[in-house]
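To keep things clear, I will list the structure first and then write my remarks on it.
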Amino acid sequence: MTDFTKVQRAVEEKLNAEFSPIHLEILNESHMHSVPPNSETHFKVTLVSESFEGIRQVKRHQLIYKVLAEELAGPIHALALHTFDTNQWQNANVPDSPNCLGGGK
């Protein structure tokens, strides 16, 4: 495992273990921000899980933050979350991330 994928792999492993997702997509969007090349600081996560059934978005996000507490306290600066239960996923629209407006880019 290279340093470049270390954070992304940790996120993937932890989310898979905790939520047994039907769909999981983790995009490293660090290149869209004013960070050094090969950074792992900005991620977009799309997570579909049966365990989200009947749980509001805020609570889903809190559950993810708890699972990823170590990464959020360290290397991850920004985490865009798109969470769905299986019914919501059938009609889901995951928006594109906006361009970075800060950091002198």
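Bear in mind that the values in this text are calculations on the coordinates, not laboratory data. The shown structure was predicted, so the numbers you read here are calculated from the model rather than taken from an experiment. Cβ coordinates were reconstructed from backbone atoms using ideal geometry, including for glycine residues, and neighbour counts include every protein chain displayed.
Counting only DSSP H runs of at least 4 residues, each contributing -39500 (n - 2.57), and dividing by the residue count of the chain, the helix-based mean residue ellipticity at 222 nm comes to -10000 deg cm²/dmol. Ranking Pro37, Ala69, Gln8 by how far each Cα lies toward the positive end of the dipole of region 3-88 (charges on Cβ) leaves Ala69 at the top. Would you please calculate the Kirkwood hydrodynamic radius of the chain over all C-alpha pairs and express it in Å, rounded to one decimal? Hydrodynamic radius (Kirkwood, Cα only) of the chain equals 14.4 Å. The calculated FRET efficiency for Tyr65 paired with Ser39, based on their beta-carbon distance and R0 = 35 Å, is about 0.95. Of the GluC sites (Glu not before Pro) found in region 1-93, those that fall in a DSSP loop while having at most 10 other beta-carbon atoms within 10 Å are Glu53. In this simple spin-label model, placing a label point 7 Å from the Cα along the Cα-to-Cβ direction at both Leu27 and Gln90 gives a separation of 2.5 nm. In plain terms, the chain from Glu53 to Glu13 could stretch by 12.3 nm, reckoned as 0.36 nm per residue minus the Cα-Cα distance.
When +1 charges are put on Lys and Arg Cβ atoms and -1 charges on Asp and Glu Cβ atoms, the dipole computed for region 41-105 relative to its Cα centre reaches about 200 debye.
Between 0 and 90 degrees, rounded to the nearest ten: what's the tilt of helix 57-67 against the longest Cα principal axis of the chain? Helix 57-67 and the main axis of the chain meet at about 60 degrees. Which angle from 0 to 90°, rounded to the nearest 10, does the C-alpha axis of helix 3-19 make with the longest principal axis of the chain? Relative to the chain, helix 3-19 is tipped by roughly 10 degrees.
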